[in-house]
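Engineer: Below are the structure tokens for one structure; questions will follow.
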Amino acid sequence: MTTFPTPPLPAAALDAGAAADLLAASAAALARVDRQGRVDWANPAALALAGGAPLLQPAASWLGLDAADSERLAQALADGAGAALRSGALQARASALADGARALTLTPLAPPHAAPIDARAVAIAGLACWRHDLESGRISHNDEARKIIGAAASPEGMTIQELGSRVHPDDRAAGLAASAAALAGDRATDTDLRMRSPDGHWRTILTRRGAERD
């Protein structure tokens, strides 16, 4: 399971010309979806993900999505939430802008069956990763994950019960359902969970699960 901290995008992030110039030069793939659901601005990284498709068309068409992914994207845009697209190879996250449009962040991700990402690359990106071994029942995690949940370093890892105790009670059912869905199919599943941080506060994180089959 890989987690991505989800700080809110400032409401006016794409409204000011100076901010737009900075975003246009960013390595992140960023786009703006207007109130009619059309992509009316994108930086070079987002244009590359869209294969150079012209602007001012519906976001799903612009990204070349199939019907199922189009529905997921539409829901994410409506809710200002995240969605896994293209069989888990692309993560889309929408944030509301002051004028009613949406800022769309697009993150290419390796599908669950891809080769593991180099550990140094994961550390540089600041990703928190868990691995749940179903045979032993133990969960191993990297340093970033330990920072989030305040777990002590241990070669034995932790149990699913220990990890679950750090998840907000109202979010545990959603987390278990997402894990079951990931095990049942080949598509990665995403859900937002509140986890208790070492200072006792609840921190909302976007969690992604994918099955690794022997």
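The numbers here are math on the coordinates, done by the rules we state, and not lab data. Computed from a predicted model, the values in this text were never measured in an experiment.
Engineer: Multiply the residue gap between ALA89 and GLN36 by 0.36 nm, knock off their C-alpha separation, and tell me the result in nm, one decimal place.
Structural biologist: So the extension gain works out to 16.5 nm.
Engineer: Label the stretch 33-93 by shape, choosing from rounded, prolate and oblate, from the square roots a ≥ b ≥ c of the eigenvalues of the Cα gyration tensor; if a/c is under 1.5 it is rounded, and otherwise prolate applies when a/b is larger than b/c, oblate when it is not. Walk me through the numbers on the way to the answer.
Structural biologist: Details: a/c = 1.58, a/b = 1.20, b/c = 1.32.
Since a/c reaches 1.5 but b/c is at least a/b, the shape of the stretch 33-93 is classed as oblate.
Engineer: So, one more: Report ³J(HN,Hα) in whole Hz for each residue of the stretch 49-56, in order, from the Karplus equation J = 6.51 cos²θ - 1.76 cosθ + 1.60 where θ = phi - 60°; Gly and Pro get x.
Structural biologist: 3J(HN,Hα) across the stretch 49-56, in whole Hz: 4, 7, x, x, 4, x, 6, 6.
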